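Bear in mind these aren't lab numbers, they're just calculated from the coordinates by the rules spelled out. Predicted model, so just to flag it, every value in this text is computed and none were measured. Positions of Cβ are backbone-derived with ideal geometry, glycine not excepted, and every protein chain shown enters the neighbour counts.
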Amino acid sequence: MQSTFFASLFASLSNMALPAATLSAAFAAALLVSVAVKLVLSSRQVRHVMQHRSLVPAAFAATVPLPAHQKAADYTVAKARFGMLHLAFGTAVLVGWTLLGGLNQLNLAAFDWLYPRFGGMAYQLGLLTLFTLIGGLLDLPWELYHTFKLEQSFGFNRTTWQLYLSDAVKGLVVGALIGLPIAALVLWLMGAAGRYCYWWIWAWAAWMGFNLLIMVLYPTVIAPLFNKFEPLADESLKTRVQALMQRCGFAAKGLFVMDGSRRSAHGNAYFTGIGAAKRVVFFDTLLARLNGAEVEAVLAHELGHFKHKHVLKRMLGMFAISLGGFALLGWLSHQLGFFLAFGVQPNMAAPNDALALLLFMLVVPVFGFFFTPLSAMVSRKHEFQADAYACAQASGSDLASALLKLHEDNAGTLTPDPVYARFYYSHPPASERLAAIGACS
């Protein structure tokens, strides 16, 4: 009885007409508002950081030298200004793909070239591939400028042209080997399962299984293609870290050091993998900067995320959001207005599943942007909880010292605009974070 009710409900929703003019107007309005908000927030960030550039905040005056504070301010402003230019370019490209009919022209070319020769699946995968390659080429100058100009001018970039090209080739090969099979599976499900057979549930299940498989394979198969991972050789640090993990009831398959210094001077540490495949990875730049007690405190913070089940909660949240996304795609893919709203003429003699997928990927993030503050707020709450756990399992003063060093090494500003930080920051500003650590130490 219940399944019949839901089937009837879904069939009714599928038969609802989606006015093209209404959707295109809503998209244009959302895009204008989102771009305006981004520009206003970035302008506030630039202005606020520059206003506080000449003086280290009182809370950090004894620990942060003025040149480091000014470098962080200049780096933050440079990234913000670069981001505004990139935003303008990206918006123009998005409008070109959608409201100006660029995707329709690409589809016509791919259809004429591929469909008569190779059939429907090859045409659809070819359309996805062409779109991805064109998008990558359009964004390439911005990526090169960011790496070899912006990051290099502040002393962070260590990527050589040879390494960059090697990474690009490997990335293309890995992307094709991983992306094309899952895309083919989703497209097959979209075409084979029928209009009212809930193909999106099967596609979502396949997508989730694929993501879980990647989480298992990434540490041992994919990541070593790009970086070298060596067992942690420092016996005293290894003993300290293993004792911490034993206290916290956490098991990992190994402790590894990654050669992050080949590409960047930024430092980090992270867990990767799931289940028995979990491993702890330290950037060599991190170990070169922090002492043993500080590394232990940073790792305790990461363990705090596991203790509070933040990783599991985020994973479940991702599963739920992706299920909703697939359900929405399942409805939109059968709405003629969804295609016509963005100047796309659906194929009469070929499947439109790849077209629907591309349009969905272009349009939905514009509306999803408005949920950014909520996501950032939840993430900051998790960071405070992980810091409190680190204070209980290690040393709060060592954690504070490590965070200050990482802020200095990564040129993170100590004086962000409060509104910008509330909207975007996934981690609390340094002043709030260190104050909370001091209170629980």
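Tally Lys and Arg at +1 and Asp and Glu at -1 over the other residues with C-beta under 14 Å from the C-beta of ARG44: what net charge comes out? Before the final figure, lay out each step's value.
Values: positive: LYS38, ARG47, ARG81, ARG422; negative: ASP417.
Net of charged neighbours comes to +3.
What does DSSP give for the chain in terms of the percent of beta bridges that are antiparallel, rounded to the nearest 5? Show your work: numbers first, answer last.
On the way: 8 of 12 bridges.
Within the chain, antiparallel bridges account for around 65 percent of the total.
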Quick one, which of (i) 1.17; (ii) 1.10; (iii) 1.01 is the actual Cα Rg over 2.2 N^0.38 Å calculated for this model?
(ii)
The exposure ranking of TRP97, TRP142, TRP188, fewest beta-carbon neighbours within 10 Å first, is TRP142, TRP188, TRP97
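Please give the FRET efficiency for ARG422 paired with LEU100, using the beta carbon to beta carbon distance and R0 = 51 Å, rounded to the nearest 0.05.
Numbers: r = 35 Å, r/R0 = 0.68.
After rounding, the FRET efficiency stands at 0.90.
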Pick out, from LEU358, MET215, THR372, the residue whose Cα sits farthest towards the positive end of the charge dipole of the chain, with +1 on the Cβ of Lys and Arg and -1 on the Cβ of Asp and Glu.
THR372
Label zone at ALA61 (point 7 Å along Cα-to-Cβ), backbone N below 14 Å, region 416-436
none
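Expected output is a single nm value to one decimal: the length gained when fully extending between VAL311 and MET348, i.e. 0.36 nm times separation in residues minus the C-alpha distance. What is it?
Details: separation 37, 0.36 × 37 = 13.32 nm, distance 4.46 nm.
Separation in residues times 0.36 nm, less the Cα-Cα distance, equals 8.9 nm.
Pop the C-beta distance of LEU130 and GLN152 into the FRET formula with R0 = 22 Å and round what comes out to the nearest 0.05. Show your work: numbers first, answer last.
Values: r = 32 Å, r/R0 = 1.45.
Result of the calculation: an efficiency of 0.10.
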Once phi is turned into θ = phi - 60°, what whole-Hz ³J(HN,Hα) does the Karplus curve with 6.51, -1.76 and 1.60 give for every residue of region 114-125, x standing for Gly and Pro?
9, 4, x, 8, 10, x, x, 5, 5, 4, 5, 5
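Only bridges whose two residues both fall in region 240-388 count here: according to DSSP, what percent of them are antiparallel, nearest 5?
Once the DSSP bridges in region 240-388 are tallied, antiparallel ones form about 50 percent.
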Dipole-positive endmost among LEU85, ALA392, ALA168 within the chain (Cβ charges, Cα centre):
ALA392
Among ARG314, ARG279, ARG44, determine the one that fluctuates most according to a GNM of the chain built with springs between C-alpha atoms less than 10 Å apart.
ARG314
Rounded, prolate or oblate, given the Cα gyration tensor of region 318-375, with a/c below 1.5 counting as rounded?
prolate
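For CYS440, CYS248, CYS391, what ranking results if the residue with the fewest other Cβ atoms within 10 Å of its Cβ goes first? Each step should come with its number before you reach the end.
Values: CYS440 14, CYS248 18, CYS391 24.
Ordered from fewest to most neighbouring Cβ atoms within 10 Å, CYS440, CYS248, CYS391 come out as CYS440, CYS248, CYS391.
So what is the relative contact order for the chain, in percent, with contacts set as C-alpha pairs under 8 Å and at least six apart? Write out the running numbers ahead of the final one.
On the way: 477 pairs, mean separation 110.8, N = 441.
Relative contact order comes out at 25 percent.
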LEU18-ALA92 pseudo-label distance in nm [points 7 Å out on the Cα-to-Cβ vector]
2.9 nm
Please work out the C-alpha center-to-center distance from region 148-194 to region 81-135 and express it in whole Å.
17 Å
With the crude spin-label approximation of a point 7 Å out along Cα→Cβ, what separation in nm comes out for GLN242 versus VAL40?
5.6 nm
Rounded to whole Hz and in sequence order, give me ³J(HN,Hα) for region 297-310 from the Karplus expression 6.51 cos²θ - 1.76 cosθ + 1.60, θ = phi - 60°, writing x for Gly and Pro.
5, 5, 5, 4, 4, 5, 5, x, 5, 6, 4, 8, 6, 5
Shape call, region 15-162: gyration tensor on alpha carbons, a/c limit 1.5:
oblate
Cβ density ranking, 10 Å radius, fewest first, applied to VAL40, VAL35 yields VAL40, VAL35
